[in-house]
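Novice: Pasting a structure below so you can have a look.
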Amino acid sequence: MKWIGLTGGIASGKSTVAKFFEEFNIPVIGADQVSHNLTRKNQEAFKEIVRSFGNHILS
């Protein structure tokens, strides 16, 4: 299986291309959603970030 990284600036068409891929049953993984899931409060990645950088980084 080949993996393709889709990157670009704001309003560069990433979502449009991702939808096109999905229409052709090409799997799409949204890195934004993955990172949000990993950094939810009480997740291990969240705890490690706070341990590494301190509570002052939280808003």
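Derivation of every value follows stated rules applied to the coordinates shown; laboratory data play no part. Here the structure is a predicted model, which means the values were calculated and not measured.
Novice: Rounded to two decimals, what is the ratio between the C-alpha radius of gyration of the chain and 2.2 N^0.38 Å?
Specialist: In units of the globular-protein estimate, the chain measures up at 1.52.
Novice: Nearest 500 deg cm²/dmol is fine: what mean residue ellipticity at 222 nm does the chain get from its DSSP H runs of n ≥ 4 alone, each adding -39,500 (n - 2.57), divided by its residue count?
Specialist: Helices in the chain give a 222 nm mean residue ellipticity of -13500 deg cm²/dmol.
Novice: Going Cα to Cα from K19, which lysines come in below 19 Å? Please leave out same-chain ones fewer than 8 positions away.
Specialist: Counting by Cα, and skipping residues close in sequence, K19 has these lysines nearby: K2.
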